[in-house]
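The values are calculated or read from the model by the stated rules, or taken from the named source; none is laboratory data. Treat the numbers as computed from the prediction; the structure is a model and nothing was measured. Here the Cβ is made from the backbone with ideal geometry for all residues, glycine too, and neighbour counts use every protein chain on show. In case anyone asks, the SASA skips ligands and DNA or RNA and just uses the protein heavy atoms, side chains included. Shrake-Rupley method; radii C 1.70, N 1.55, O 1.52, S 1.80 Å.
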Amino acid sequence: MISKILDLAGAEFKSIVKQSLLFLVICGLVLSAAIGVFSFSVNLVPNYATFLNQGVDNGFDFNVYPDDEKMFFKGSAVAGQSYVTAPFITYSTTLHYRDAIYETYGASTEILSGRAYIFKETLPRVFQGVRVVKGTLWSTEDNGKPDGYFNIFLRDTVAECLGIRVGDTLTIWSGSTQYAVKGIYESREGIPAFVMSYQACVSRAGNDIWYYLEADNAEKMINVYPKLRSIGFELGGTMFAEMGLMISARYLLIVLSAMVVFAAFMILNNILSIILYYRHQFIAKLKLLGAETSVVAGLYFSFVTISFVLAYTIAVVLSFVMKLYYENIASALFGFNFVIDIKWYTLVCPFFIGAAILAVRFIRFKKKVSGVRILDFMRDEQ
Amino acid sequence: MIEIEDLSKNFGAFRALSEINLKIEKGEFTALVGDSGSGKSTLLNLIGQIDEPTEGDILIDGVSTVKMSEKEKSKLRNGKFGFVFQAFYLESGYSVYKNLEIPLIIKGVPKKERTDIIKNALNSVGMETKLRLTAAVLSGGEKQRVAIARALTCDPEIILADEPCGNLDSKNSKIVLDLLRDLHKKGKTIIMVTHNLTHTKYAGRVIRLSDGAVVNDIKNP
Ligand SMILES: Nc1ncnc2c1ncn2[C@@H]1O[C@H](COP(=O)(O)OP(=O)(O)OP(=O)(O)O)[C@@H](O)[C@H]1O
Ligand SMILES: [Mg+2]
């Protein structure tokens, strides 16, 4: 059966090429482009998600406030700076990005970090990364266990925007050192704060580590950033605009993918219709000479399958070209490194969708071929 | 042996054949004659399993064909019958060789064996030198010889020829008729539709149709 199909295909190849080479080439290219865009899009969409999840380095300087002048823990504010007895860390009342932070050990006051905590804009659940800057020393010695704790203050309006309520469990974790400590976002003396057990902290002296605060129930940043903006937070640079752009691009790509799959479907369909139209008599002749429907359908389907596989191969190359192109555009326009990580499954995906479309088309096509009347070979030729 | 039993064919309300009963023996050379529209082609197509009867049955070597599956009918068309038509119906874009190769591929003959079979078939119609030519460039007479060669590739028992000389001049008609006579001598059953009464002298039996019915059936005229 297969060898019959291939032998007939070998004979028929020339006529098909002769009769409709240009058409086949155009269809093949459109199909390639369609599959390519699709494969690229399905790559891009998850990539956008990762990209948005990772947050943006030059980010969102999101200040942490202990509400107004009220300090949660014991310490004193002197000349606009907050001092606190170790092991507590505190902030100046309106802490800004790159503000200095001081910590006192007994009598001596040291500047432990030149730069303060900045909250790094990140996405789902992770509402902020906390940067502990170079030189910060966190003591593992807990004088007064078990109630040593570390407080991070979130302005309640921010917490609200982020969907974090008092009582929620938050986690502080470090991607680089793989440790996480859970704490409760709670209200102490009227000031909501994230309070976590201190003892798990280890010395980070000399390291530049990112910490992320993660809230179990926090909303996705994509959803909250307009709210955050409305209460006065601004993203660093043009991040809001970029995020908006990326989000719409994401939907656009999904629509594009759908259109592309549809286009591929139509092209395959049309190739088959055109084959039926131009080779109708020949199909009837094959049947006259004793060919079974499945052999005839298989013969033309082998062409479609070959075109599909060729188009798919071109498409894979194309999607890598698009990847490079898009990455370059991203860095040129927005100035960030956007790596589209092409995954095997996003390449395999269009292949299987294509194969599924082909399988469905094959059944329809076979039906149509079986509907060709043998006597049609007598239709006026040429 | 072909047994036609109460065979009728309607095209809509029009009755092209009505209750035909015929028995054609193996090895017979039968000519089908009759006016235009009398149902000759229709009958031949029904015998060749390229159309389906409205009523009645055709038995090929004692086997009823009305109940046959498409697959079985395909097999009959491929191996049992050889078809020759007035308008040749070669695939004009294909070479002579490929035209002859198609039925062999369908039959499942291995590639190595095909070449010999094709060459022999072309030899028997005197077309062996035109192997590589495209069918479109052949003359009418040559096309019909190639068509006959194609009909012979699968070594059929029965040749169904619908006005094989209809498009040919007398010289080429004679070539074709002589070929059919040779095939008959080799034991093939031949059923040939013809308009030309002088061609009936090649046949051992002449059946005349009129308005879809057999009006005359003469053996050894
Ligand atoms: N597919 C069809 N639909 C309707 N009528 C048909 C069809 N095929 C044949 N006929 C009619 O059946 C009748 C017999 O046709 P057929 O082709 O068998 O005649 P014929 O004897 O071969 O004639 P000719 O010598 O002109 O070839 C004709 O009247 C024809 O119009
Ligand atoms: Mg006729």
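Here are some conditions: (1) of a type outside the set (A, V, I, L, M, F, W, C); (2) free of Cβ contacts under 8 Å to residues at least 40 places away in the same chain; (3) open to solvent by 20 Å² or more (accessible area, probe 1.4 Å); (4) closer than 22 Å to A:D7 by Cα. B:G79 meets all but one. Which one does it not meet?
(2)
State whether one or more residues within segment B:86-99 are crowded, with 20+ Cβ neighbours inside 10 Å, among the hydrophobic types (A, V, I, L, M, F, W, C) and under 15 Å from the mean Cα position of the chain (by Cα).
yes
Just wondering, is there one or more residues in segment B:95-110 that are small (G, A, S) and in contact (Cβ under 8 Å) with a residue 24 or more places away in the chain?
Narrowing segment B:95-110 to residues small (G, A, S): B:95, B:108.
Next, from what is left, pick out any that are in contact (Cβ under 8 Å) with a residue 24 or more places away in the chain: B:95.
Within segment B:95-110 (the criterion being small (G, A, S) and in contact (Cβ under 8 Å) with a residue 24 or more places away in the chain), the answer is yes, since at least one residue qualifies.
Looking only at segment B:137-153, decide whether some residue is more than 14 Å from chain A (Cβ to nearest Cβ) and within 16 Å of ligand 1 (Cβ to nearest atom).
Checking segment B:137-153: not a single residue is more than 14 Å from chain A (Cβ to nearest Cβ) and within 16 Å of ligand 1 (Cβ to nearest atom).
Every residue in segment A:253-280 that is in a helix (DSSP H, G or I), within 30 Å of B:L160 (Cα to Cα) and either open to solvent by less than 40 Å² (accessible area, probe 1.4 Å) or more than 14 Å from every other protein chain (Cβ to nearest Cβ) (or both), please.
Of the residues in segment A:253-280, the ones in a helix (DSSP H, G or I) are A:253-278, A:280.
Then drop every residue that is not within 30 Å of B:L160 (Cα to Cα), which leaves A:275-278, A:280.
Passing the criteria: A:I275, A:L276, A:Y277, A:H280.
Within segment B:29-42, is even one residue modelled with pLDDT of 95 or more, over 19 Å from B:K188 (Cα atoms) and more than 16 Å from ligand 2 (Cβ to nearest atom)?
So far as segment B:29-42 goes, no, none of its residues is modelled with pLDDT of 95 or more, over 19 Å from B:K188 (Cα atoms) and more than 16 Å from ligand 2 (Cβ to nearest atom).
Please identify the pairs in which a residue from segment B:43-72 that is within 14 Å of chain A (Cβ to nearest Cβ) has its Cβ atom under 7 Å from the Cβ atom of a residue that is aromatic (F, W, Y) and surrounded by 18 or more Cβ atoms within 10 Å (Cβ to Cβ), counting only partners at least 6 apart or on another chain.
Filtered contacts from segment B:43-72: B:G48/B:F81; B:G48/B:F83.
Which strands (runs of 3 or more DSSP E) does segment B:1-112 wholly contain that include 2 or more residues that are more than 16 Å from ligand 1 (Cβ to nearest atom) and over 21 Å from B:L177 (Cα atoms)?
Working: elements: B:2-11, B:14-24, B:29-34, B:55-60, B:81-85.
Counting at least 2 such residues, we get B:2-11, B:14-24, B:55-60.
Could you pull out every one of the strands (runs of 3 or more DSSP E) wholly within segment B:115-221 that has 3 or more residues that are surrounded by fewer than 16 Cβ atoms within 10 Å (Cβ to Cβ)?
Working: elements: B:158-162, B:189-193, B:205-210, B:213-219.
In segment B:115-221, B:213-219 are the strands (runs of 3 or more DSSP E) which contain 3 or more residues that are surrounded by fewer than 16 Cβ atoms within 10 Å (Cβ to Cβ).
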